[in-house]
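Presented below is the structure to which this report refers.
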Amino acid sequence: MASDDPTARLSAVLAESEYRDLADRLAEVAVDLRDRSGMDQRTMFTLFNRALSAADEDDDLVRDALEVVIDRISGWCEPHRRIFPEP
């Protein structure tokens, strides 16, 4: 069963040793937080930015994946990839 703590859920995905499709898995967490937990865009943006700030500066794979998802949360991506639809 997945934890209800958003920070713990994000940390669990980031801690996995296999990084294949990490951005897609992080995006799935974001969509679930939006749909199941009702997390708003600003709170989610803050959560993922905190994870980015805490990420190892030398771990480009994790940092790149987080940046991709942050772009999807903020809407700075292709319209069909947005986590939150435009109003």
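Annotations
- Accessible surface of the chain [probe 1.4 Å, protein heavy atoms]: carbon and sulfur percent: 49 percent
- Taking all protein chains into account, the per residue accessible area for the chain stands at 66 Å² (1.4 Å probe).
- Binned Cα-Cα distance frequencies in the chain - 10 Å width, integer %: 17, 56, 25, 1
- Average Cα contact separation per residue, the chain, under 8 Å, 6 or more apart, as relative contact order %: 26 percent
- Projected area averaged over orientations for the range 22-65, convex hull of C-alpha atoms, nm²: 2.9 nm²
The values are calculated or read from the model by the stated rules, or taken from the named source; none is laboratory data. Since the structure is predicted, the reported quantities are computational estimates derived from the model, not experimental observations. Just so you know, the surface numbers come from the protein's heavy atoms only, side chains and all, with ligands and any DNA or RNA stripped out. Shrake-Rupley method; radii C 1.70, N 1.55, O 1.52, S 1.80 Å.
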